[in-house]
Amino acid sequence: MNRLFTAILLLGSAILLMSSCKSTRPLMRAPLKEEGPEYLYSRLKDNELRFDWVSAKFDASYTEKRNSSSFKGQVRVRKDSLIWVSITPALGIEMFRIIITTDSVKYVNRFNKEYFLGDYALVSRFLQIHIDFDILQSLLLGNDFQFYETNSFRASIDNQNYKLSTTGRRKIRKEAEDANADPIVLLQNIWLDSESFKIKKVDVKEYLKDNRKLSANYSDFVGLENQLYPSALKFNIQGENLIKIKINYSKVTLDEPMTFPFSIPENYKRIR
């Protein structure tokens, strides 16, 4: 009798699950057939985190090969302009302070009494994949890239999520001096939540760079001023080595103007 009851219960659960999937997929497919990838992309943009200023505290971990470290810090962002990061590995004592602008990277290492002034070549070498300010800002906040083409996406459904894919997303030229630079072409997939249209996952690969790939996963979305932001982020960066980075945000504030203090003590040595 118990076996019969168990079998009936399992059969009923399977039928409910199948009917749920059947009812959900047609609803998800309808806008794709009627409006295509443009509909998904417009919903993505409508539900991105809108801000002029962002500040957050974070806990993070970094793993490469057998080396790993954990640290705390604070990040501040001025939209399309500046990213400021303070890192405090232990005891609340700041070890690193970083300033990233649209064309430069600066950091101070208080432990070794060193500093660096340079460009994005440093970040790209460290992460083993092409990174610019737009990509970095978007990845930290779970938004889409702003200054890249949007006309080559394909739309599909993958595991109850919407998926946007492109095999040739190019960086939009903004300045005349960029005219002679090699074009940056990205192969990209974006997975969207079917209800909130927030980005749940994105992977990026450089065209013709077979061993370079970055994937980001976003979860634990939190409401803030009628918006949603991901409080848990996981990045896997595949280059010469696999780098894993996890970030958990707390105490996030929006649109409160802030300062970005950064100074280099005279006795610090410059790293070239």
Next item on the list: For a label point 7 Å from the Cα of Lys79 along Cα→C-beta, name the residues of segment 244-262 whose backbone N is under 16 Å from it.
Entry: 253-258
Next item on the list: Assuming R0 = 35 Å, can you tell me the calculated FRET efficiency for the pair Asp158 and Arg110, based on Cβ-Cβ distance, to the nearest 0.05?
Entry: 0.20
Margin query: Test of understanding: what is the full-extension gain from Arg272 to Lys72, defined as 0.36 nm times their sequence separation minus their Cα-Cα distance?
Written below: 69.3 nm
Next item on the list: Give me the number: length gained by fully extending Ile172 to Glu256, i.e. 0.36 nm times residue separation minus the C-alpha to C-alpha distance, one decimal in nm.
Entry: 27.2 nm
Notebook entry, point to check: So how do 223-229, 82-88 stack up, highest first, on mean other-Cβ count within 10 Å?
Noted result: 82-88, 223-229
Next item on the list: Which order do the peptides 262-269, 116-123, 139-146 take when ranked by the mean count of other beta-carbon atoms within 10 Å per residue, highest first?
Entry: 139-146, 116-123, 262-269
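No lab work stands behind these numbers, since they all come straight from the coordinates. The shown structure was predicted, so the numbers you read here are calculated from the model rather than taken from an experiment. When we count neighbours, we look across all protein chains shown, and the Cβ atoms used for this are built from the backbone with ideal geometry, even at glycine.
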